[in-house]
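First the structure, in the form of structure tokens, and then the observations on it.
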Amino acid sequence: MPDKRAVSCWVSLDKARLDNGCMWYVPGSHLQPVRPHQPAGKGGGALECQATEEEGVAVELQPGECVLHHGGTLHYSRGNSTDLRRRVFITNFRPKAMIALEREQGYDHTGNCEVRATLANR
């Protein structure tokens with residue numbers, strides 16, 4: 001996104017551990033040029049870029065703890081390989097124009113397929 005004014009707050013509702021999908025961050029990545037991204041997996045809205053796990057730092061959290069990260073910070077989760085829940089409450093803050101640009105490009109953070117289909121048919 002052309003506008004770099006974005007921050008996300010990730011509040012853990014359950015323990016977030018390595019095995020159940022804690023977040024990983026690449027320190028200083030928000031100060032580097034944005035790496036090329038492509039749709040992840042089956043294209044469900046998530047994006048991925050080329051990075052190695054050696055670049056990242058795992059951040060385990062207890063319920064009620066949170067982490068904030070700049071919108072340009074590379075971040076990811078390995079996924080949950082346990083039977084435990086890993087619920088979180090995520091709040092994203094960014095300018096209105098940035099949200100409009102994302103929606104024009106067909107990206108909707110709500111996961112609402114109707115919104116994506118409507119945008120794709122414009």
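Among residues other than residue 21 whose Cβ falls under 12 Å from its Cβ, what is the net charge (Lys/Arg +1, Asp/Glu -1)? Spell out each step's value before the answer.
Values: positive: 15, 17, 78, 85, 86, 87; negative: 14, 19, 60.
Result for the neighbourhood of residue 21: +3.
The string of couplings for the range 4-13 from the Karplus curve (6.51, -1.76, 1.60, θ = phi - 60°) is 8, 7, 8, 8, 10, 10, 10, 9, 7, 9 Hz, one whole number per residue in order, with x for Gly and Pro.
Just tell me which lysines come within less than 26 Å, Cα to Cα, of residue 96; anything on the same chain fewer than 8 places away is out. Candidates past the 8-residue exclusion: 4.
For residue 80, no residue whose modelled amide H falls within less than 5 Å of its own remains once neighbours fewer than 5 places apart on the same chain are excluded. Annotation: per residue accessible area for the range 28-108 equals 73 Å², rounded to a whole number [probe 1.4 Å, protein chains only].
For the Cα trace of the range 1-81, dividing Rg by the Kirkwood Rh returns an Rg/Rh value of 0.96.
The phi torsions of the range 50-60, fed into the Karplus equation with coefficients 6.51, -1.76 and 1.60 and a -60° offset, translate into couplings of 6, 7, 10, 5, 5, 6, x, 10, 6, 10, 7 Hz, rounded to whole numbers, with Gly and Pro shown as x. Counting only protein heavy atoms and a 1.4 Å probe, tell me what percentage of the range 7-86's accessible area is made up of carbon and sulfur. Within the range 7-86, the accessible surface is 55 percent carbon and sulfur.
The values are calculated or read from the model by the stated rules, or taken from the named source; none is laboratory data. Since the model is a prediction, treat every value here as computed from it, not as a measurement. Note that we place each Cβ from the backbone using ideal geometry, even for glycine, and neighbour counts take in every protein chain shown. Keep in mind that these areas ignore ligands, DNA and RNA; they rest on the heavy atoms of the full protein, side chains included. Shrake-Rupley method; radii C 1.70, N 1.55, O 1.52, S 1.80 Å.
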